[in-house]
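Notes for the one structure printed next.
The values are calculated or read from the model by the stated rules, or taken from the named source; none is laboratory data. Because the structure is a prediction, the values reported are computed rather than measured. Here the Cβ positions follow ideal geometry from the backbone for every residue, glycine too, while neighbour counts run over all protein chains shown.
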Amino acid sequence: VLALDGTGGVEHAMQPRRRAFLLLVAGILATRHGDYDRAAELDEQSLALYRDLGHRKSTHGPLRELGVVAYHRGDYDLAVRLSEQALAVAREFGNASGSGLVVCNLADALRARGDFEQARTLLEESLSSLRQQEQQLPMLNALVNSLARLGSIECETGEVALAAKSYGESLELMWRYVGRGYETVACLEGLARVAAMQGRPERAAWLLGASAALREEMGTPLSPIIRTDHDHASEAAQEALGKTEFEAAWAEGHEMPFEKSITAALDM
């Protein structure tokens, strides 16, 4: 249609931007599946293409994802630098949802360096800003991720009631507006850790089983932060229940249909 109405040049000009975006999406998927070398290659191609096009506004995406790759590789200083660059670009162009997601990644890297208070402050400030925005899907995505990150930090600092509230709100938003998603795994693992900290090991084992079923369906590994919550919950629940009871509760959560498991998790 564009070619027929004499604007074929517009379509041609849009093709490199579309390619840059698709490279970014492919990089995100590669990261989700643990292929960090491929992810870095795709993210760098996306960033270079956006820069060649002079489209600075969109460079925050590949910068953010390169920060995520650096984080997964254990280079936390590089992850912080890249995330800070991405955040500066997102804020420069008033991208509230983009800023929210970058803050999540920056908080991950800061936390890994031991800067818990700085990570927490960034997340709390970001959440305050996100709650003031119109709750469209990109904002909700940033809100859900921020709440889950904050919940994990609250677990680390022993604030169980706050962690339960953060994870519960995150899961409720995911269930209401999105459904299945990797963030759902973070919430289930986090709530399992909360349950273990509350002295409810059977519930913790059940939630771990429900999360495992979803992870198997999606084919994605645990991120380092979610792994931390998982390990805390699993070790505490197994120690309290013993192997047989733990496995029975885990199997019950694993075998329950997804919709019922989420409803049950929210009701617990």
Counting only residues that are part of a helix (DSSP H, G or I), without any contact (Cβ under 8 Å) to a residue 40 or more places away in the chain and not basic (Lys, Arg), how many does segment 167-182 have? 5
Is it the case that some residue within segment 37-56 is in contact with a Phe, Trp or Tyr (Cβ under 8 Å, 6 or more places away or on another chain), at pLDDT 95 or above, over 28 Å from Gln198 (Cα atoms) and not acidic (Asp, Glu)? yes
Selection status of Leu222, under 26 Å from Asn141 (Cβ atoms) and part of a helix (DSSP H, G or I): no
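Conditions (1) surrounded by 23 or more Cβ atoms within 10 Å (Cβ to Cβ); (2) at pLDDT 95 or above; (3) not in a helix (DSSP H, G or I), marked per residue:
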| residue | (1), (2), (3) |
| --- | --- |
| Gly114 | no, no, yes |
| Gln118 | no, yes, no |
| Ser126 | yes, yes, no |
| Gln135 | no, no, yes |
| Leu140 | no, no, no |
What is the residue count in segment 246-268 for residues that are outside any helix (DSSP H, G or I) and either in contact with a strand residue (DSSP E or B) (Cβ under 8 Å, 6 or more places away or on another chain) or over 19 Å from Ala233 (Cα atoms) (or both)? 2
Kindly indicate whether any position in segment 64-79 is more than 23 Å from Ile153 (Cβ to Cβ) and either out of contact with any Pro (no Cβ under 8 Å at 6 or more places or on another chain) or of a type in the set (D, E, K, R) (or both). yes
Considering only segment 238-245, I want to know if a residue exists there that is crowded, with 19+ Cβ neighbours inside 10 Å, over 20 Å from the mean Cα position of the chain (by Cα), assigned by TED's automatic domain parsing to the domain that holds Asn145 and not in a loop (DSSP other than H, G, I, E, B). yes
Residue list for segment 71-87, filter: in contact with an Asp or Glu (Cβ under 9 Å, 6 or more places away or on another chain) and either surrounded by fewer than 18 Cβ atoms within 10 Å (Cβ to Cβ) or among the small types (Gly, Ala, Ser) (or both): Ala79, Ser83, Ala86
Among the residues of segment 72-83, are any more than 21 Å from the chain's Cα centre (by Cα) and among the hydrophobic types (A, V, I, L, M, F, W, C)? no
Please work out if Thr31 is surrounded by 19 or more Cβ atoms within 10 Å (Cβ to Cβ), among the β-branched types (Val, Ile, Thr) and either assigned by TED's automatic domain parsing to the domain that holds Arg73 or at pLDDT below 95 (or both). yes
Taking Gly6, is it more than 21 Å from Ala148 (Cβ to Cβ), over 19 Å from the mean Cα position of the chain (by Cα), modelled with pLDDT of 95 or more and outside any helix (DSSP H, G or I)? no
Scope segment 88-99; condition surrounded by 13 or more Cβ atoms within 10 Å (Cβ to Cβ) and either free of Cβ contacts under 8 Å to residues at least 24 places away in the same chain or under 15 Å from Leu47 (Cβ atoms) (or both); matching residues: Ala88, Val89, Ala90, Arg91, Gly98
